[in-house]
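Have a look at the structure below, then the notes.
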Amino acid sequence: MWSRSEKAIAREAFDAALKRELRELMQETKRMADQITKPTDMWALERYLTQRRKEIDRKYEFRSSRLTQTFGRLLCERRVSQVELSGLREDKLKAIRSCAKVFSEDID
């Protein structure tokens, strides 16, 4: 169970991570758009954006039952820091670090 204060901490960290990822995506999109020279390049950009939107929608899930896994993945990807999660109970932090470890093993 997430307390109100923990949900507030989680929401702030979640929103900050999403904002950073979307900022990176916008920068990459602008870079790719600047390189468009033919119509097929536009469709490639559209496919890339569609794929990234699906990935982001799956990754950023703010349901209480999924927050531990969400933050584990974000921590693994360095999209959120442990400092941003300070204030959460130690059992939650331990579970998030454990999920991050599992995600990092999946990457290797």
Just name one of 16, 62, 42: the one whose Cα is farthest towards the positive end of the charge dipole of the stretch 4-107 (beta-carbon charges, Lys/Arg +1, Asp/Glu -1).
-> 62
Could you point to the label whose value was computed as P(r) over Cα pairs in 10 Å bins from 0, in percent for the structure here, given [x] 14, 50, 35, 2; [y] 14, 40, 26, 14, 5, 0; [z] 12, 37, 30, 16, 5, 0?
-> [y]
Dipole moment magnitude, nearest 20 debye, the chain about Cα centre, only Lys, Arg, Asp, Glu C-beta charged | 260
Which residues qualify? For residue 80, with a placed amide H closer than 5 Å and at least 5 residues away or on another chain, they are 75
Is any residue of the stretch 79-103 close enough, with backbone N under 11 Å, to a label point placed 7 angstrom from the Cα of residue 12 along the Cα-Cβ axis, and if so, which?
-> 84-88
Once normalised by the length of the stretch 4-107, the mean sequence separation of its alpha carbon contacts under 8 Å that are 6 or more apart gives a contact order in percent of 35
What list of ³J(HN,Hα) values in whole Hz, one per residue of the stretch 3-9 in order, does the Karplus curve 6.51 cos²θ - 1.76 cosθ + 1.60 (θ = phi - 60°) give from phi, with Gly and Pro shown as x?
-> 6, 4, 5, 5, 5, 5, 4
Report the FRET efficiency, 1/(1 + (r/R0)^6), for residue 34 and residue 78, where r is their Cβ-Cβ distance and R0 is 30 Å, rounded to 0.05.
-> 0.65
So, in Å, what gap is there between the alpha-carbon centers of the stretch 28-68 and the stretch 78-95?
-> 27
Extension length gain for residue 106 and residue 20 (0.36 nm per residue less Cα distance), in nm, is 28.6 nm
Asserting the computed 222 nm helical MRE of the chain (DSSP H runs at least 4 long, -39500 (n - 2.57) per run, divided by residue count, to nearest 500) equals -25500 deg cm²/dmol
Select from 31, 79, 20 the residue whose mean-square fluctuation is largest in a Gaussian network model of the chain (Cα-Cα springs shorter than 10 Å).
-> 31
Grab every C-alpha pair in the stretch 33-78, bin the distances at 10 angstrom width from 0 up to the longest one, and report whole percents.
-> 24, 33, 22, 17, 3
With each pseudo-label sitting 7 Å past Cα toward Cβ, what's the residue 50-residue 3 distance in nm, one decimal?
-> 4.6
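Bear in mind these aren't lab numbers, they're just calculated from the coordinates by the rules spelled out. On a predicted model such as this, the values are computed, not experimentally measured, just so you know. All Cβ positions, glycine included, derive from the backbone under ideal geometry; neighbour counts span all protein chains shown.
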